[in-house]
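The values are calculated or read from the model by the stated rules, or taken from the named source; none is laboratory data. Being a predicted model, the structure only gives us computed values, none of them experimental. Note that we place each Cβ from the backbone using ideal geometry, even for glycine, and neighbour counts take in every protein chain shown. All accessible areas refer to the heavy atoms of the entire protein, side chains included, with ligands and DNA or RNA removed. Shrake-Rupley method; radii C 1.70, N 1.55, O 1.52, S 1.80 Å.
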Amino acid sequence: IVVGMTQECEERQAEEIEALKGVYGLEDGDGIAWTKEEVLVVTLRLVEDEEDSDVVGITFHVPSLYPLKLGAEVLNVNAPSKAAEAMAAGNEVLSEGAASEEVPGVESLWSACEAVLEVVRAGLEELARERWDLEARERERAKRAEEARGFGAGDEPHNCVIYVDHMNESGKYMKLLRKWSLDLGLGTRLFYRSGGKKRPKGVENIFICLSGTPGAISMFGNRLRTEYVDVDYQGNKCKERMSKVLANRRPGDVKEGEGKVPFFAGFEALEYKTEEEMEEMLQTLNLLHCGDGSERFFASEQSH
């Protein structure tokens, strides 16, 4: 009985392989091959009739008593996307066609190939959508930056100094300011003092120095006032309600006894320990003389 079953399985396997060749346009040794006993490798194009199409390699274990007595198994999938998920899908199809005690198995290699291809193609489509979304976001960001640059007059950047009382979660807050600066093409220097025991995750007495077009600076200030940037003491999201513009200078506006504001780009945040260090930082940008007295040098003790 076993000999007869083995012979029938061999015949049915041969017929199934011929069917795979016909469906996918494969040749022995070119797209389909036995690499060793009971191991069959099938290589399929993701896009039929395209010579340069990405391919998927499927390695099957095909037992001698497949399909009547034993089921086949996908041992490996080599694919440009979702290989593990595709292998699982192929094996699920093969298990459905496998023999049971009551019913002999049926040929399932073609169905497994189709299941693998479906998962891989879906994965590539998902990657394409993500890439398109990323490119769309980059285009939108470039458009906003270009619009911001278009607001200004003259080739030299304008400068602005914004005082912020404190940040309770400074890491997230500064990350957001960095993103805005990149979006708007602004140079940003942020000087701050540690929040100490009162604000272990925060900072205070912050000076945000901006360099760019007036349009970009205006957008930055508008976002600071209208978007959620921090959390209060209860952990609730909050907007910035304790900021003040200390200076907003056009190119060529120079305080008596100082030079022009030097060009700066990118985002940089620097901590100072003392009032003297803070003054030195502002002086390096020729932006020391802005604001008045306590309004400039001392952080308020109020919360958001």
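What pairs come up if the first residue lies in region 85-99 and is closer than 10 Å to G71 by Cβ and free of Cβ contacts under 8 Å to residues at least 60 places away in the same chain, the second is open to solvent by 40 Å² or more (accessible area, probe 1.4 Å) and among the small types (G, A, S), and their beta carbons are under 9 Å apart, counting only those six or more places apart or on different chains?
Once the first residue is closer than 10 Å to G71 by Cβ and free of Cβ contacts under 8 Å to residues at least 60 places away in the same chain and sits in region 85-99, its partners that are open to solvent by 40 Å² or more (accessible area, probe 1.4 Å) and among the small types (G, A, S) give L94/S111; E96/S111; G97/S111.
Which ranges mark the helices (runs of 4 or more DSSP H) fully within region 212-304 that have 2 or more residues being at pLDDT 90 or above and buried (at least 18 other Cβ atoms within 10 Å of the Cβ)?
Filter on region 212-304 gives 214-226, 275-284.
Conditions tested, residue by residue: (1) touching a strand residue (DSSP E or B) at 6+ places or on another chain (Cβ under 9 Å); (2) over 19 Å from E118 (Cβ atoms); (3) not hydroxyl-bearing (S, T, Y).
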{"site": "L46", "(1), (2), (3)": "yes, no, yes"}
{"site": "D49", "(1), (2), (3)": "no, no, yes"}
{"site": "D54", "(1), (2), (3)": "yes, no, yes"}
{"site": "I58", "(1), (2), (3)": "yes, no, yes"}
{"site": "L65", "(1), (2), (3)": "no, yes, yes"}
{"site": "L70", "(1), (2), (3)": "no, yes, yes"}
{"site": "K82", "(1), (2), (3)": "no, no, yes"}
{"site": "G90", "(1), (2), (3)": "yes, no, yes"}
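Of everything in region 67-81 that's at pLDDT 95 or above and of a type outside the set (A, V, I, L, M, F, W, C), which residue is most open to solvent (accessible area, probe 1.4 Å)?
N78
For region 163-192, which positions are open to solvent by 10 Å² or more (accessible area, probe 1.4 Å) and either β-branched (V, I, T) or under 19 Å from R241 (Cα atoms) (or both)?
Answer for region 163-192, where residues must be open to solvent by 10 Å² or more (accessible area, probe 1.4 Å) and either β-branched (V, I, T) or under 19 Å from R241 (Cα atoms) (or both): Y163, N168, E169, S170, G171, K172, M174, K175, L176, Y192.
Looking at the structure I just gave you, is F207 surrounded by fewer than 21 Cβ atoms within 10 Å (Cβ to Cβ) and either part of a strand (DSSP E or B) or among the aromatic types (F, W, Y) (or both)? Let's see the steps before the verdict.
Values: surrounded by fewer than 21 Cβ atoms within 10 Å (Cβ to Cβ): no; either part of a strand (DSSP E or B) or among the aromatic types (F, W, Y) (or both): yes.
When the stated conditions are applied, F207 does not pass them.
Show the residue pairs that are 6+ apart or on different chains and have beta-carbon atoms under 9 Å apart, the first residue being within region 242-269 and under 21 Å from K179 (Cβ atoms), the second being part of a loop (DSSP other than H, G, I, E, B) and among the aliphatic types (A, V, I, L, M).
F264/L285; A265/L186; F267/L186
Which residues, taken from region 102-123, are assigned to a helix (DSSP H, G or I), open to solvent by 10 Å² or more (accessible area, probe 1.4 Å) and not hydrophobic (A, V, I, L, M, F, W, C)? So that I can check it myself, show each step before the final result.
Keep residues of region 102-123 that are assigned to a helix (DSSP H, G or I), which gives 109-123.
Still in the running and open to solvent by 10 Å² or more (accessible area, probe 1.4 Å): 110-111, 114-115, 118-119, 121-122.
Of everything in region 102-123, those that are assigned to a helix (DSSP H, G or I), open to solvent by 10 Å² or more (accessible area, probe 1.4 Å) and not hydrophobic (A, V, I, L, M, F, W, C) turn out to be S111, E114, E118, R121.
Spot the failing condition for I32; the list is (1) exposed (fewer than 14 other Cβ atoms within 10 Å of the Cβ); (2) not in a loop (DSSP other than H, G, I, E, B), and only one is missed.
Against the list (1) exposed (fewer than 14 other Cβ atoms within 10 Å of the Cβ); (2) not in a loop (DSSP other than H, G, I, E, B), I32 comes up short only on (1).
What tally of residues in region 18-57 results from selecting those that are in contact (Cβ under 8 Å) with a residue 60 or more places away in the chain and in contact with an Asp or Glu (Cβ under 9 Å, 6 or more places away or on another chain)?
Final tally of qualifying residues: 3.
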